[in-house]
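Heads up, the thing below is written out as structure tokens.
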Amino acid sequence: VVASDSAERVMQAIKISSLDELAKIKDKSLICHQAYVDGKWVEATSQQHIDIVDPATLETIGSVPDMDTGDVKLAITAATRAFASWKHTTGKERSQLLRKWLELITANKDDLARLMTLENGKPLAEAQGEVMYGASYIEWFSEEAKRGYGDIVPSPIPGSRALVMKQPVGVVAIITPYNFPNAMITRKVGAALAAGCTVVIRPAHETPLSALALCELAARAGIPPGVINLVTCSAKNTPAVGLELTTNSEVRKVSFTGSTAVGKLLMGQASTTMKRVSMELGGNAPFIVFEDADIQKAAAHLLQCKFRNAGQTCVCANRIYVHDAVYDEFVGAFTTLVKEKLKVGHGLSEGTTIGPMITKRGLDKVEEQVQLAVAAGATVVLGGKRPEEVAGKGYFFEPTVLVNVSDNVPMTCEETFGPLCPIYRFTSEDEVIRRANAVSVGLAGYFFSRDVARVFRVAEALEVGMVGANTGSIGFDAAPFGGVKESGMGREGSRYGMDDYLNIKLINLSLV
Ligand code: NAD
């Protein structure tokens, strides 16, 4: 029943023509096929290009330059030149430019969302949500730009004063992933520009169109040439481009969002010139349902938390632990919701609530995790495979629920980054906290309980940077976003976010 259900739904993907959908973008100047350096639209010196593909249809929807080290050096030089004047602008001037950019992003949100769905696959409603979420960081940092406060520290020496001031770190290299092609950029660039830094962005090679459209709007907002630069390149050129961005002495900071493995590589490279780093890396979030939880609420929140962006979010629930006393009730309630609410299809098809995976690499990983879990004794309750009808036509995987999954298989120990939902059984609070913390990463964690004392105990015991207690949602502009352990360092958004782009300077002043 499950297989035929979802096969029927996925048929929608085939009916869509990606190029026809692209043609519906009203403002065609938001479809940019060149990189953006020093305020100009440029090609790669090599004149090479890479194709951008709709992951739901595998149709090519455009191309961007395949740049290499020489092109990146030019972008860094432009950012360095621009920094000399940008750092002297007032917080208020930067605030006004960011606000203008925000207004243009908001005014063009429908076109930006459509473009995002076409290159990333997420349902249009989710893409619209991301554009507004991304914009909220530009709004937040347009306000924070005016608040680069320092301190006056009481001096131990009579007749002396000690002043602490904050200054922009300089040129920032920004490297972002494919899963949030807009917001992962605005969350960094908003903070960097507010602080007075200039940037060189290298977006994911799968999703550069959303990033380039943001540059077009930044240019229209009047953000000066060289303040934002964006280079595009293929997977093949990525290691060399990444090496340049992380070792060039003119770059003073690297801000990366992506996997822990690549984060470690980039941090190692950045250490050779002692750059500051912010690392927003992978997660493996536990989602715990205690025996005193509101079961229906927990199931509804898990649906969102797990399957948003087809499970390709760094904070999505990865391991679901449910107390023995409510296990069967919860699995029943959740499985019913998955069947009723999740409609697989092209993100631009009416009624689609879950799109394809973004890459073939991700799809293969998810399929392998299911096979290994089943080989170790797991039972697939729902889904568990690619829908047969779209074989070779798009990176779809059925929303999947599993039980009896071992604690030692990759689905449990590693980040899945796909629409798999393994539900484990536990019997005590101590046991579940030990199992929740038994991974090397610590980004987000969620739990549901109506006991106030337990809420504090568990929230404090989880080794993560962000906790959702009785909610599966955590991120917003005023809240600090980031992880602990191998999920990285630094915080994005919030009143702490701009500090990652500011150096602290002491001025010790003798008045006598
Ligand atoms: P990834 O690490 O493979 O790639 C991330 C980006 O780095 C991509 O643009 C990629 O092309 C680039 N990259 C890869 N190798 C590079 C190199 N040698 N030099 C320079 N750049 C390089 O990750 P992914 O699979 O694209 O994205 C998913 C990962 O991102 C997941 O682990 C997810 O949890 C994580 N993520 C974390 C956050 C967060 O805020 N903590 C947010 C979103 C995604």
(message) For Tyr149, Tyr178, Tyr496, Tyr133, which order do you get if you count the other beta carbons within 10 Å of each Cβ and list the fewest first?
(response) Tyr149, Tyr496, Tyr133, Tyr178
(request) Name the residue farthest towards the positive end of the dipole of the chain from the options Asn404, Pro168, Gly377, assuming +1 on Cβ of Lys and Arg, -1 on Cβ of Asp and Glu, about the Cα centre. (result) Pro168
(request) Diagonalise the Cα gyration tensor of the chain and give the resulting equivalent ellipsoid semi-axes, square root of 5 times each eigenvalue, largest first, whole Å. (result) 39, 30, 19
(request) Report, by chain and number, residues whose modeled amide H sits under 5 Å from the one on Tyr446, excluding near sequence neighbours (fewer than 5 apart, same chain). (result) Phe287, Ile288, Gly468
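Per residue of the chain, what 222 nm ellipticity follows from adding -39500 (n - 2.57) for every DSSP H run with n ≥ 4, rounded to the nearest 500?
On the way: 16 runs with 203 residues, N = 512.
Calculated from helices alone, the mean residue ellipticity at 222 nm is -12500 deg cm²/dmol.
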(request) On a 0 to 90° scale, report how tilted helix 183-195 is relative to the longest principal axis of the chain, with both axes built from alpha carbons and the result rounded to the nearest 10. (result) 20
(request) Enumerate the calculated ³J(HN,Hα) couplings along segment 262-276 in order (Karplus 6.51 cos²θ - 1.76 cosθ + 1.60, θ = phi - 60°), each rounded to whole Hz, writing x wherever the residue is Gly or Pro. (result) 5, x, 5, 4, 5, 5, x, 5, 5, 5, 5, 10, 6, 6, 6
(request) Express the C-alpha Rg of segment 78-200 as a ratio against the empirical globular expectation 2.2 N^0.38 Å, rounded to two decimals. (result) 1.32
(message) Taking θ = phi - 60°, what integer Hz values does the Karplus form 6.51 cos²θ - 1.76 cosθ + 1.60 yield along segment 295-301, in sequence order, with x for Gly and Pro?
(response) 5, 5, 5, 4, 5, 5, 5
(message) For a quick check: with amide H placed at 1.01 Å from N, whose amide H comes under 5 Å from Leu382's, ignoring anything fewer than 5 positions away on the same chain?
(response) Val401
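Tell me, rounded to the nearest percent, the portion of alpha carbon pairs in segment 144-218 spaced more than 22 Å apart. Spell out each step's value before the answer.
Values: 1138 of 2775 pairs.
Here the tail beyond 22 Å accounts for 41 percent of pairs.
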(request) Please determine, in degrees from 0 to 90 and to the nearest 10, the orientation of helix 69-86 with respect to the longest principal axis defined by the Cα atoms of the chain, where the helix direction is its Cα long axis. (result) 60
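Treating only the Cβ atoms of Lys and Arg (+1) and Asp and Glu (-1) as charged, compute the dipole magnitude of the chain about its Cα centre; round to the nearest 20 debye. Intermediate results must be reported in sequence, preceding the final value.
Working: 53 positive and 57 negative charges, 344 e Å.
Dipole size: approximately 1660 debye.
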(request) Enumerate the amide H contacts of Gly62 below 5 Å, restricted to partners 5 or more residues apart or on another chain; note that Pro and chain-start residues carry no placed amide H. (result) Ile52
(request) Measure nothing fancy, just the Cα-based angle from helix 2-15's long axis to the longest principal axis of the chain, in degrees from 0 to 90, nearest 10. (result) 40
(message) Compute, for segment 265-358, the length of the dipole vector about the Cα centre, with Cβ point charges of +1 (Lys, Arg) and -1 (Asp, Glu) only. Units Debye, rounded to 20.
(response) 600
(message) Counting other beta carbons within 10 Å of each residue's own, what order do Trp41, Trp101 fall into, fewest first?
(response) Trp41, Trp101
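How much net charge surrounds Phe83 when only other residues with a Cβ under 14 Å from its Cβ are counted (Lys, Arg +1; Asp, Glu -1)? Intermediate values should be presented prior to the final figure.
Working: positive: Arg81, Lys87, Arg94, Arg252, Lys253; negative: Asp38, Glu250.
Its environment carries a net charge of +3.
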(request) With θ set to phi - 60°, apply the Karplus curve 6.51 cos²θ - 1.76 cosθ + 1.60 along segment 215-224 and write out the HN-Hα couplings as whole Hz, x wherever there is a Gly or Pro. (result) 5, 4, 6, 5, 4, 5, 6, x, 5, x
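If the only charges are +1 at each Lys and Arg Cβ and -1 at each Asp and Glu Cβ, what is the size of the charge dipole of segment 42-105 around the Cα centre, to the nearest 20 debye?
Numbers: 7 positive and 9 negative charges, 163 e Å.
Charge dipole, segment 42-105, about its Cα centre: 780 debye, nearest 20.
No lab work stands behind these numbers, since they all come straight from the coordinates. Note that the structure is predicted; figures quoted are calculated from it, not measured. Here Cβ is always computed from backbone atoms with ideal geometry, including for glycine, and neighbour counts include all displayed protein chains.
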